[in-house]
Amino acid sequence: MPRTKKKNSKGGQHGAVQPFSDEDASIETLSHCSSFSDSTSVADEGGDGSEDTAQEDFQYKLKGFIDSTVDKSAKTRQGALDGLKTAMATRILYEFISERRMTITDSIERCLKKGKGEEQRAAASLACLLCIQLGSGIESEEVFKTLKPIFKNILADGSANIQARQAVATSLGLCTLVAEDDVLDVQATMECFENLFTRSYARADGTCPSINPQTSLLHTNALLSWALLLTICSANQLKDILHKHLPKLPKLLESEDVNMRIVAGETIALLFELARDTEPEFEFEDWDQLCVKLSALATDCNKHRAKNDKRKQRSVFRDVLKAVEDGDFQSETIRFGTERMSIDSWVRKRTYDAFREFVGSGMNYHLQANEFIRDVFELGPPILVDSATMKAMKISRFERHLHNSAAFKARTKARSKFRDKRVDVGEF
């Protein structure tokens, strides 16, 4: 991460290895606050002995997963990779992982080279989570140095499993953001992504290429990762990219794939934001034509498209149109524990979405506890939360029920005002 990276920025509080269960993926942030609580909270829950036993059981389970990644059975390897993914997505495991990072890296490398389909997808995702846990230091750079050539080979190999290529397209982008320290290498990786998504560009005669859904998803993932790396490009790099790609990206808005249209629109908004940051008087030659196209997508009523696709598309392109026309962004507030973070730009949104893609429901916990992610979003050091504060933050089930009921009634009233009232007009 060349622009803002701090050397040896760790993934989180050292030694915060915590008990792990199959329900962890859905646990809310508050349930994780215990990792920051003082020793009195441990005593309340059964004392140091039970805590130590739980940690030992947890570490034993993780060691079993690591050992199983070299099992002869593909199903066993797949389960082990998934177990490690869930643990890394929902816990801070820096010390445990740091001691075994080369073993885990070797397992990922083996699964990427010899595995198939789902196993390769899981291995690629695990590589990203490993880098997120280690943070932007020498350790993650060593991991990425080993895996990057394999990622690029899979991505460029047209005969490789398409699902593996889709996963690698996503993982390579975030791993580069976290662990790549050379600006030229970042640029080379962006060119790998360009070699993929530019195949969805319109031909010289103006016609759009016919692409199957799986290949379109590959190109969409490549465009997402390319957009992520745009956020750390220098002003000179950005100037070249704007000249080369901004005139062609609007053609992707005509794609048959709704996800490609949406990602292309968000990438255009991101490029306009970055361009105006470096040059406030930035102008785009085909601005009027682009706005007409964006406006059409923001009000799309095409009967041949699914309702959900149209609803999702209209919502996104209303925001994209505002960004291109006025430079506005619809900000969003993320709450985690006692803190709040504002998503107030397309750059911040693309970065947040990229991390959330891998940690899922554990995103709020990582925002609260992961030093590296907090550094990326400029949140400062993790805030310690004692047991008394945590108890004060909890809401009783009855209070939560009352709140949800009131919200449901208010939502129903608001919707009824705008709902279409059908009237039977009879026959003529």
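The values are calculated or read from the model by the stated rules, or taken from the named source; none is laboratory data. Everything numeric here is computed off the predicted structure, so don't read it as measured data. Backbone-built Cβ (ideal geometry, glycine too); neighbour counts: all protein chains shown. Each accessible area value is taken on the protein alone, full model and side chains, heavy atoms only, with ligands, DNA and RNA left out. Shrake-Rupley method; radii C 1.70, N 1.55, O 1.52, S 1.80 Å.
Data overview
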| read-out | value |
| --- | --- |
| Stretchable slack from LYS322 to LYS72, in nm (0.36 nm times residue separation minus alpha-carbon distance) | 84.6 nm |
| Cα gyration tensor shape of region 149-193, rounded if a/c is under 1.5, else prolate or oblate by comparing a/b with b/c | prolate |
| Extension reserve of the MET102-LYS244 stretch, reckoned as 0.36 nm per residue once the Cα distance is removed | 47.1 nm |
| Heavy atoms of GLU357 accessible to a 1.4 Å probe, total area in Å² rounded to 10 | 130 Å² |
| Förster-model FRET efficiency, 51 Å R0, ARG110 and SER416, C-beta, rounded to 0.05 | 0.30 |
| Estimated inter-spin distance, ALA188 and ALA235, nm [label 7 Å along Cα→Cβ] | 2.8 nm |
| FRET E, pair GLU256, SER50, Förster distance 60 Å, beta-carbon r, rounded to 0.05 | 0.60 |
| Residue-normalised accessible area of region 60-167, expressed per residue, 1.4 Å probe, Å² | 41 Å² |
| Inter-label distance for ARG397 and ASP57, nm, one decimal - labels placed 7 Å from Cα along Cα-to-Cβ | 2.3 nm |
| Cα→Cβ-extended label distance, 7 Å offset, between GLN214 and ALA306, nm | 1.9 nm |
| HIS401 - accessible surface, heavy atoms, 1.4 Å probe, Å² rounded to 10 | 110 Å² |
| Added length on full extension, which subtracts the Cα-Cα distance from 0.36 nm per residue, PHE408 to GLU95 | 108.2 nm |
| 3J(HN,Hα) from dihedral phi, region 355-371, Karplus parametrisation 6.51/-1.76/1.60, rounded to Hz, x for glycine, proline | 5, 5, 4, 9, 8, x, 5, x, 4, 4, 5, 5, 4, 7, 10, 7, 4 |
| Separation of alpha-carbon centers, region 294-355 and region 146-204, rounded to whole Å | 25 Å |
| Carbon + sulfur, % of accessible area of region 197-347 - ligands and nucleic acids excluded, 1.4 Å | 46 percent |
| Solvent-free Debye scattering, log10 I(q)/I(0), computed from the Cα coordinates of region 60-167 at q = 0.13 Å⁻¹ | -0.42 |
| Sulfur and carbon atoms: percent of accessible area, region 60-167 [1.4 Å] | 49 percent |
| Burial ranking of peptide ranges 144-152, 66-74 (average Cβ count within 10 Å, highest at the top) | 144-152, 66-74 |
